[in-house]
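Here's the structure we're looking at; comments come further down.
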Amino acid sequence: MSDATVGQTKQFGKGQPVVPHPAQKAQVVPVDDESQPKKVRKTIRPTKRVILLKHLDQGVLLVTGPFKINGVPSAVLTPATLSPHSKRVDVSSVDQKTLENVSAPDYFTKEKKAEKSRGGFLQAGRRPRKAVDQSILSSIKKEDFLGSYLATTFSLRNGDKPHEMKW
């Protein structure tokens, strides 16, 4: 070996490590050009469009699909899970007494122990929800394409910029 390619021994404190010559240093190996698939959080998925019925006292929102259009029953959601839209649906046709019944704090809570027969319990829970959905369906049918708009799922595609979209 020539002296130009041999490393030097240098004094650093108590030790004497060998410092390699610049020609002997490891060179950068180019990365393969194969593109790796992007990892997406499992929580990001296409979502349903829902109709806001009421703001509840607990700081949550009462929403409905309606179930017949997009399969979303009346539910209580936190505001962080929803994104606002400029489209408005007339919910004044909903019976206020039925809406108060559905928006009661104990309506969506689970009973401690239900009896063996589940059929009566499920039907009793569906009746007020169906009444709310029927009145909303009548207002949805008055507007063109509103039913199909609610039935489609919302998702962002490659290159979509949500901050530039009109909500």
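Specify the residue that is farthest from VAL91 (Cα to Cα); the eligible residues are those in region 144-155 that are in contact (Cβ under 8 Å) with a residue 12 or more places away in the chain and in a loop (DSSP other than H, G, I, E, B).
So, considering only residues that are in contact (Cβ under 8 Å) with a residue 12 or more places away in the chain and in a loop (DSSP other than H, G, I, E, B), the one farthest from VAL91 (Cα to Cα) is SER155.
Got at least one residue in region 24-47 being at pLDDT 75 or above, part of a loop (DSSP other than H, G, I, E, B) and surrounded by 10 or more Cβ atoms within 10 Å (Cβ to Cβ)?
No, the conditions are met nowhere in region 24-47.
State which residue pairs qualify: first residue under 13 Å from ASP57 (Cα atoms) and inside region 75-89, second residue in a loop (DSSP other than H, G, I, E, B) in any location, beta carbons under 6 Å apart, and separation of 6 or more residues or different chains.
Between residues of region 75-89 that are under 13 Å from ASP57 (Cα atoms) and residues that are in a loop (DSSP other than H, G, I, E, B), the close pairs are VAL76/VAL60; VAL76/PHE108; THR78/VAL60.
Go through region 136-165 and give me each residue that's closer than 26 Å to THR98 by Cβ, surrounded by fewer than 15 Cβ atoms within 10 Å (Cβ to Cβ) and not hydroxyl-bearing (Ser, Thr, Tyr).
Matches in region 136-165: LYS141, LYS142, GLU143, ALA151.
(1) over 21 Å from the mean Cα position of the chain (by Cα); (2) more than 26 Å from GLN134 (Cβ to Cβ); (3) modelled with pLDDT of 70 or more: which one isn't true of ASP90, the others all being true?
So ASP90 meets the others, but not (2).
Would you be able to tell me the number of residues in region 94-123 that are modelled with pLDDT under 75, of a type in the set (A, V, I, L, M, F, W, C) and in a loop (DSSP other than H, G, I, E, B)?
2
The values are calculated or read from the model by the stated rules, or taken from the named source; none is laboratory data. Because the structure is predicted, anything quoted here is derived from the model rather than measured. Neighbour counts are summed over all protein chains in view; Cβ atoms, including those assigned to glycine, are modelled from backbone coordinates with ideal geometry.
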